[in-house]
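A short worksheet on the structure shown next.
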Amino acid sequence: MVKLAEWRGKDVFRKYGVPLPRGRVARSPQEAEALTRDGSVPLPCVVKAQVLAGGRGKGGAVKFANSPAEARSAAEAILGLEFKGERVKELLLEEKLALSKELYVSLTLDRTLRLPVLIVSARGGVEIESVEDAAIDRQPVDPFPGLTGYQKRRAAGALGLSGGAAKSLDRLLEALWKLFNGEDAELVEINPLALVGDGLVALDAKVIIEDDAAFRHPEYAEIRDDRTPLEEVAREKDIAFVQLDGNIGVIANGAGLTMATLDVLQEFGGRPGVFLDLGGTDDPKKVTEAFLLMARAQPQAVFLNIFGGVTRCDTVARGLVEAMRQVPEAERFPLVARIRGNNEAEGVEILRAAGITSIPSLKESAQAVVAAAGGRR
Amino acid sequence: MSVLVSRDTKVVVQGITGHQGTVHARQMKAFGTAVVAGVTPGKAGTTVEETPVFDSVREAVEKTGANASCIFVPAPFAKDALLESVDAGIRLAVIVTEHIPFHDMLVMYHYARGRGARIIGPNCPGIASPTGAKVGIIPNVVFRPGRVGVISRSGTLTYEIVNGIKEHGLGQSTCIGLGGDPVVGTSFVDALPLFEKDPDTDLLVLVGEIGGTAEEDAAEYIHHHFSKPVVAYIAGRSAPEGKRMGHAGAIISRGKGTAKTKVAALEAAGAKVARFPYEIPDLVAGILPAGSRS
């Protein structure tokens with residue numbers, strides 16, 4: 001998924017006509033001062049760190065400024081902060097509005113209903129998880145008619161809006177619905193949505209774009225979640241790769257089998273470090289690349305657990321033997337292999353010829369790799 | 001008898017001329033399934049290992065009587081492929097393709113449902129019954145005829161578990177890999193009544209994963225409507241608490257979605273929950289009525 005920083009989310013909002021405060025992005029204290037001095041950002045203004053994590057207000061990542069000098073010092077205080085693991089590199093400066101209500105609105109997917117759901121609450125401006133169910137209104141939206149008039153009226157009622165404010169909500173929800181579909185969003189969330197006079201203004205923007213729709217949204221390709229360099233390499237090679245802090249490397253195929261493998265390792269006292277999901281492949285080169293990537297993560301032992309379906313056991317065995325040939329002596333690691341399923345006999349034979357034994361039992365192979373990594377933690 | 005597929009199932013493979021389509025059409029035939037047609041627009045008149053290829057699903061259905069589809073078409077074109085098969089009268093479509101945007105899948109699901117068609121998947125291994133047919137990609141080697149039903153959200157973990165059942169000397173009635181995408185055509189709750197009604201299933205193995213609330217929903221259904229014994233396994237007990245999908249996601253799945261909540265819900269519904277995949281066959285053997293071992 002691609003999580004958009006607030007200012008990027010607001011760029012998308014602008015495209016769909018969602019009302020926003022006047023504001024600009026700054027990347028230095030000088031820029032923050034200049035934007036407020038020349039009137040690009042009206043004063044008083046709010047200065048907000050552009051990070052993906054929530055809770056910015058409480059965490060000192062949002063400040064207010066009444067003058068260009070104050071905007072500069074607020075920017076100095078926030079830029080470079082380490083906020084929940086993210087370094088602040090960008091600020092959004094926006095006019096401070098006189099608001100009378102803070103509301104909550106979002107559109108997301110309800111997996112059980114298999115429908116988008118419109119969620120609204122009159123208790124905006126706080127973390128929505130802390131609001132009790134009775135104060136949250138949810139309406140499933142059928143994709144075929146889309147968001148209907150009566151649903152928008154019900155949302156207005158739940159938010160306590162009438163007259164001009166209800167009309168403003170109608171337009172806003174229409175825009176969000178189009179955005180949710182048009183941008184292939186997983187989540188569109190405004191919290192708070194401010195009532196200013198009888199109009200609504202989005203003070204924050206949280207937009208998450210679905211990865212699987214990347215083929216029709218090249219414009220989001222440049223934006224990356226925070227990944228380690230090895231995770232980035234893995235992504236380019238289409239291998240799911242996650243770094244934890246243990247010492248056993250795990251190579252498996254399929255998310256469920258990978259998770260089950262980690263569960264079993266932990267049961268026997270192992271600490272999974274890197275885990276790497278080959279997915280479905282019948283290219284031995286991809287298997288070799290996966291092993292070379294694993295070698296770079298320097299595990300104390302590696303557990304290869306493959307159940308061959310699309311990925312055949314002989315393919316994995318060939319890729320593994322080639323990788324072992326390429327890994328320099330100094331970087332070798334103890335390896336425990338378990339390959340089952342399609343073409344198992346051929347795969348086991350290829351490994352045997354290279355001096356690697358495949359242990360058919362999941363339990364015994366897991367115990368063997370924990371022992372190879374130095375026993376129980 | 002079996003669930004959804006039988007000796008009367010006639011499969012059209014959409015995307016048969018692609019590598020995966022060709023390989024798995026061959027495997028389905030080796031399983032004993034009637035693969036009667038393939039569809040690849042522009043390739044009409046050719047054959048893939050003796051299976052005739054048509055330009056459209058409608059033509060394939062008219063000429064061969066195909067009544068189920070297995071879709072391998074790449075994600076950007078999968079929505080169109082599914083809509084085409086539904087409009088051609090196909091009422092069971094297994095979508096193997098991965099990475100289909102869920103916005104597409106929402107349209108596909110509701111379109112199919114409104115016309116009485118069932119989707120299994122996407123991003124799934126499909127369905128197989130050792131005495132019926134296979135539509136999908138589950139390896140043939142894991143099966144043996146028997147009386148254990150299997151439903152799962154996983155791929156290879158399903159193979160692992162189905163194989164474990166076989167190696168224990170037991171067999172399967174029908175196995176369905178539902179896929180783990182955010183929007184699936186057939187959920188646990190959709191599949192459970194099929195196994196409840198199936199006279200060939202004596203016990204059901206349910207394989208879940210952390211995330212979402214499908215297992216909790218299944219537990220609720222089992223508690224009220226499912227009379228056969230259930231053995232369950234949830235993968236991901238050791239996973240660090242996953243990244244949540246924003247705040248709105250958290251309030252939809254409020255208090256659900258972890259291994260702990262899923263195991264508790266299933267146990268409360270009377271299921272025996274295995275801690276690890278290799279515990280499943282023993283639990284099954286301990287419950288299965290005498291005389292229904294194969």
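Worth pointing out:
- Residue in the stretch B:190-207 that is among the β-branched types (Val, Ile, Thr), within 16 Å of the chain's Cα centre (by Cα), closer than 22 Å to residue A:340 by Cα and within 14 Å of chain A (Cβ to nearest Cβ) present: yes
- Among the residues making up the stretch A:131-160, those that are in a loop (DSSP other than H, G, I, E, B) and touching a residue at least 24 places away in the same chain (Cβ under 8 Å) are A:131, A:141, A:142, A:143, A:146, A:147, A:160.
- If the condition is being open to solvent by less than 60 Å² (accessible area, probe 1.4 Å) and under 17 Å from residue A:121 (Cα atoms), then the stretch A:167-176 contributes A:168, A:169, A:172, A:173, A:176.
- Total residues in the stretch B:243-284 satisfying the condition of being open to solvent by 50 Å² or more (accessible area, probe 1.4 Å), at pLDDT below 95 and either closer than 20 Å to residue A:254 by Cβ or more than 8 Å from every other protein chain (Cβ to nearest Cβ) (or both): the figure is 6.
- Within the stretch A:263-288, the set of residues being within 9 Å of chain B (Cβ to nearest Cβ), open to solvent by 10 Å² or more (accessible area, probe 1.4 Å) and under 17 Å from residue A:372 (Cα atoms) comprises A:266, A:267, A:272.
- Qualifying positions in the stretch A:19-41 - in a loop (DSSP other than H, G, I, E, B) and of a type outside the set (S, T, N, Q): A:19, A:20, A:21, A:22, A:27, A:38, A:39, A:41
- Qualifying positions in the stretch B:64-100 - surrounded by fewer than 24 Cβ atoms within 10 Å (Cβ to Cβ) and either within 10 Å of chain A (Cβ to nearest Cβ) or over 23 Å from residue B:35 (Cβ atoms) (or both): B:74, B:75, B:76, B:79, B:98, B:99
- Every condition in (1) outside any loop (DSSP other than H, G, I, E, B); (2) over 26 Å from residue A:1 (Cα atoms) holds for residue A:98 except the one numbered (1).
- Residue B:236 fulfils the conditions (1) closer than 30 Å to residue A:131 by Cβ; (2) in contact (Cβ under 8 Å) with a residue 40 or more places away in the chain except for a single criterion, (2).
- Residue count for the stretch A:6-53, restricted to those that are within 14 Å of another protein chain (Cβ to nearest Cβ) and over 30 Å from residue A:167 (Cβ atoms): 2
- Residue count, the stretch B:18-41 (criterion: surrounded by fewer than 22 Cβ atoms within 10 Å (Cβ to Cβ), more than 17 Å from residue B:63 (Cβ to Cβ) and not aromatic (Phe, Trp, Tyr)): 10
- In the set (1) more than 8 Å from chain B (Cβ to nearest Cβ); (2) free of Cβ contacts under 8 Å to residues at least 60 places away in the same chain; (3) open to solvent by 20 Å² or more (accessible area, probe 1.4 Å), residue A:291 fails one condition alone, (3).
- Answer from A:330, A:373, A:366, A:323 - the residue that is at pLDDT below 95 and open to solvent by less than 10 Å² (accessible area, probe 1.4 Å): A:323
- Only residues that are within 8 Å of chain B (Cβ to nearest Cβ) and modelled with pLDDT of 95 or more were counted across the stretch A:111-137, and they come to 6.
- Residues that are open to solvent by 10 Å² or more (accessible area, probe 1.4 Å) and touching a Pro at 6+ places or on another chain (Cβ under 6 Å), drawn from the stretch A:77-96: A:95, A:96
- Residue within the stretch A:54-64 that is in a strand (DSSP E or B), touching a Ser or Thr at 6+ places or on another chain (Cβ under 9 Å) and more than 14 Å from chain B (Cβ to nearest Cβ) present: yes
- Among the residues of the stretch A:174-185, some residue qualifies, meaning at least one is part of a helix (DSSP H, G or I), within 9 Å of chain B (Cβ to nearest Cβ), in contact with a helix residue (DSSP H, G or I) (Cβ under 9 Å, 6 or more places away or on another chain) and within 25 Å of residue B:185 (Cα to Cα).
- The one condition in (1) assigned to a loop (DSSP other than H, G, I, E, B); (2) buried (at least 24 other Cβ atoms within 10 Å of the Cβ); (3) within 11 Å of chain A (Cβ to nearest Cβ) that residue B:132 fails to fulfil: (3)
- Complete set of residues in the stretch A:51-76 that are touching a Gly at 6+ places or on another chain (Cβ under 8 Å) and open to solvent by 30 Å² or more (accessible area, probe 1.4 Å): none
- Residue A:246 vs. criteria within 12 Å of chain B (Cβ to nearest Cβ), open to solvent by 20 Å² or more (accessible area, probe 1.4 Å), farther than 30 Å from residue A:56 by Cβ and not in a helix (DSSP H, G or I): yes
- Candidates A:90, A:82 - the one that is under 30 Å from residue B:103 (Cβ atoms) and within 21 Å of the chain's Cα centre (by Cα): A:90
- Residues of the stretch B:106-125 satisfying the condition of being crowded, with 24+ Cβ neighbours inside 10 Å, under 16 Å from the mean Cα position of the chain (by Cα) and within 11 Å of another protein chain (Cβ to nearest Cβ): B:119, B:122, B:125
- Applying the condition of being open to solvent by 10 Å² or more (accessible area, probe 1.4 Å) and in a strand (DSSP E or B) to the stretch A:197-216 and asking which residue is farthest from residue A:99 (Cα to Cα) yields A:206.
- When A:105, A:12 are checked against the criterion of being open to solvent by less than 30 Å² (accessible area, probe 1.4 Å) and in the same structural domain as residue A:170 (by TED's automatic domain parsing), A:105 stands alone in meeting it.
- Restricting attention to the stretch A:110-130 and to residues that are in a loop (DSSP other than H, G, I, E, B) and open to solvent by less than 30 Å² (accessible area, probe 1.4 Å), the residue that is farthest from residue B:105 (Cα to Cα) turns out to be A:124.
- When residue A:194 is tested against (1) open to solvent by less than 50 Å² (accessible area, probe 1.4 Å); (2) at pLDDT 85 or above; (3) under 18 Å from the mean Cα position of the chain (by Cα); (4) more than 10 Å from every other protein chain (Cβ to nearest Cβ), exactly one condition is not met: (3).
- When the stretch A:333-352 is limited to residues that are among the hydrophobic types (A, V, I, L, M, F, W, C) and either within 14 Å of another protein chain (Cβ to nearest Cβ) or without any contact (Cβ under 8 Å) to a residue 12 or more places away in the chain (or both), the one that is surrounded by the fewest Cβ atoms within 10 Å (Cβ to Cβ) turns out to be A:345.
The values are calculated or read from the model by the stated rules, or taken from the named source; none is laboratory data. None of the values given here were measured: they were computed from a predicted structure. Positions of Cβ are backbone-derived with ideal geometry, glycine not excepted, and every protein chain shown enters the neighbour counts. Calculation scope for accessible area: heavy atoms of the full protein, side chains included, ligands and nucleic acids excluded. Shrake-Rupley method; radii C 1.70, N 1.55, O 1.52, S 1.80 Å.
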